[in-house]
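Q: Pasting a structure below so you can have a look.
The values are calculated or read from the model by the stated rules, or taken from the named source; none is laboratory data. Owing to the predicted nature of the structure, the values given are computational and were not obtained by experimental measurement. Here the Cβ is made from the backbone with ideal geometry for all residues, glycine too, and neighbour counts use every protein chain on show.
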């Protein structure tokens, strides 16, 4: 337990007193939902117990709420008790493992034990949770959420992850097949509502348009995110940035690139569970192609990637294009991992060099150029990742890792063995952005009495992915 000094100056004598500032945590695990259909989760209780044990080993005073004890009233009541504490508080951590959901208006919410199918009245909305945690007079406030707030990727998640269970609950499923086709702004609201608060550190299991999953690991059902997060935290990392880099890579590999943990912007340089510190530098790029594909360093002011049409689910044959909005000079490289499972180079194209990747602040890069588009030709999910390098040397090293003869790219095992030459001038800055979307069959056959589960178990077609009708890309300047 850390010792902190609270100095109080009295009017007579200037007496100095010391008080112990205790670290507190509220840890919640909900796997049983008596009022929700087909909602049982096997991992949250295990996850919460293990996370509570870890925090206790670090000196935290932990309140553990499991299943029937984890009602909306009990959770918010415990937070309110801490907010009214007359004693000085040190660090505070809120941990939740269980279902998350999203309302039709885009609001994200955690589902406590007493959540109901007929009404969202017992849900804990993201903004209510943020307000409750912010009211606690602690030196640092961290929220760790092993749940998800978007139904995107339902088809791929259930098809590829045969042993996985999603921690997203669909109260109002869209269509008989359980597909959640939402505009990007709607799905993004689910994630950003929980991560946009600059004074609160959120460590979340997945991105805004992804699902968080649990799986059987080491003989027990666990949240995939919590399992790798605890492994990283027990190694005494220096900052949340190093945790994010390690855990994101491990979770992405475990889930076949379907789930990517996220960290609140601005906390990369902050030691775990400590007060926020000023950002100092980018994380260190790894030495293999897979390392560079999985590492994240998000800053939407430096790099933002969007897709047209602005949705998270497309059908085979639908046309699409991407826009990269650049906020700093550098070299923009685009990678893609599609339904084939191969990591491929989208920018630069064959015949182009690193100089063709040069961009300046304010550029909007349209890929492919006007009048042309991509078209997915297989069912599955696609991830497009942009990396903006401030160093020409590092951009060139990544590009050179892709022999032009290997047009089909590298699978995960191969990518983990492909070295990327280190920069002789040392580490330099970089920023990442990505976009994940799902491709579903062009024509869905009618299925008499088919349930979402039976539909989800259709075999995944593994084939070639995005095909472009253009071999050129163009940079468009933003209007002044």
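Q: Condition (residue is more than 25 Å from residue 430 (Cβ to Cβ) and either in the same structural domain as residue 413 (by TED's automatic domain parsing) or more than 24 Å from the chain's Cα centre (by Cα) (or both)) applied to region 379-392: is it met by at least one residue?
A: Yes, there is a match, as at least one residue in region 379-392 is more than 25 Å from residue 430 (Cβ to Cβ) and either in the same structural domain as residue 413 (by TED's automatic domain parsing) or more than 24 Å from the chain's Cα centre (by Cα) (or both).
Q: Ok, one more. Does region 403-412 contain at least one residue that is in a strand (DSSP E or B) and at pLDDT 85 or above?
A: Yes; the residues of region 403-412 include at least one that is in a strand (DSSP E or B) and at pLDDT 85 or above.
Q: Across region 83-102, what is the total count of residues that are modelled with pLDDT under 85 and either out of contact with any strand residue (DSSP E or B) (no Cβ under 7 Å at 6 or more places or on another chain) or surrounded by fewer than 16 Cβ atoms within 10 Å (Cβ to Cβ) (or both)? Break it down stepwise before answering.
A: Keep residues of region 83-102 that are modelled with pLDDT under 85, which gives 86-88, 102.
This time we only want the ones that are either out of contact with any strand residue (DSSP E or B) (no Cβ under 7 Å at 6 or more places or on another chain) or surrounded by fewer than 16 Cβ atoms within 10 Å (Cβ to Cβ) (or both), so: 86-88.
Qualifying residue count for the region: 3.
Q: Let me ask another. With 232, 242 as the choices, which residue is surrounded by fewer than 23 Cβ atoms within 10 Å (Cβ to Cβ), in the same structural domain as residue 145 (by TED's automatic domain parsing) and closer than 24 Å to residue 302 by Cα? Step through it out loud before you land on a result.
A: Working: 232 fails: closer than 24 Å to residue 302 by Cα.
Within the list 232, 242, the selection yields 242.
Q: Another question about this same structure. State whether the residues of region 140-160 include one that is assigned by TED's automatic domain parsing to the domain that holds residue 208, assigned to a loop (DSSP other than H, G, I, E, B) and modelled with pLDDT of 90 or more.
A: Scanning region 140-160, I find at least one residue that is assigned by TED's automatic domain parsing to the domain that holds residue 208, assigned to a loop (DSSP other than H, G, I, E, B) and modelled with pLDDT of 90 or more, so the answer is yes.
Q: Just give me the residues in region 393-413 being over 17 Å from residue 430 (Cα atoms) and touching a residue at least 40 places away in the same chain (Cβ under 8 Å), in sequence order. It would help to see each step written out before you state the result.
A: First, pick out the residues of region 393-413 that are over 17 Å from residue 430 (Cα atoms): 400-413.
Selection gives 401, 402, 404, 407, 408, 409, 410, 411, 412.
Q: While we're looking at this one, here's another question. Mind listing whichever residues of region 228-249 are more than 25 Å from residue 415 (Cβ to Cβ) and part of a helix (DSSP H, G or I)?
A: Selection gives 230, 233, 240.
Q: Next up: Counting just the residues of region 343-376 that are assigned to a loop (DSSP other than H, G, I, E, B) and touching a strand residue (DSSP E or B) at 6+ places or on another chain (Cβ under 6 Å), which one comes out surrounded by the most Cβ atoms within 10 Å (Cβ to Cβ)?
A: The selected residue is 376.
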